[in-house]
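The values are calculated or read from the model by the stated rules, or taken from the named source; none is laboratory data. Only a predicted model underlies this, so the values are computations on that prediction, with no experimental measurement involved. Cβ placement follows ideal geometry from the backbone for every residue including glycine, while neighbour counts extend to all protein chains displayed.
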Amino acid sequence: MPRSRSSGRRRRSSSIIYQEPPESNEQMSDQAALPNLNANWVNSKGAWTIHFVLIAALKIFYDIIPGVSQETSWTLTNITYMFVTFIMFHYVTGIPFEFNAGAYDNLNMWEQIDNGDQYTPAKKFLLSVPIILFLLSTHYTHYDSTYFLINFLATLGVVIPKLPISHRMRIGLFSNIPDDPSEDT
């Protein structure tokens, strides 16, 4: 049985990047029914501190590996932090808990934070941490062009999805949305 045009997400097979459609009235009422504990943690006490603790732990971890230079250690710290935060904030959709009845299944965590509002204190902080880490890693790699390029590309991969222009944008290359709506029956 084919899906109707309004019942779900659709994309053309040639689309790599597509826009996530807005929530239906039913999804919006489900979202308003219960608090989103998945995204509210970013405003909790200590939630901002954990980013610096994780960065310091990554740096120490890479420093204790024999044969890893300071430049490589900073670059690996940057890449690891960027990769983990990309997966956590921009790739995984929905909520890992079953208390919202699927109300947030089509939103990633970045879109869930502060109900999707842009430029809140939490989102400004989460946008500034990768930039600060990039600046630190660039400085401590002594502005080497190879390390700079690697760190810059890793930072772009995390900063661009946080910008308002990328709100509700998805990369179809990594998604499991079927090309043909009839495959979803």
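In table form, for the structure just shown:
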quantity: Pair list, Cβ under 9 Å, 6 or more apart: segment 95-122 residue at pLDDT 80 or above, other residue loosely packed, with under 11 Cβ neighbours inside 10 Å and not in a loop (DSSP other than H, G, I, E, B); calculated: Q118/P164; Y119/P164
quantity: Helices (runs of 4 or more DSSP H) enclosed by segment 21-68 - at least 1 residues per element that are modelled with pLDDT of 90 or more; calculated: 49-63
quantity: Odd one out for Q112 among (1) under 18 Å from N43 (Cβ atoms); (2) surrounded by fewer than 18 Cβ atoms within 10 Å (Cβ to Cβ); calculated: (2)
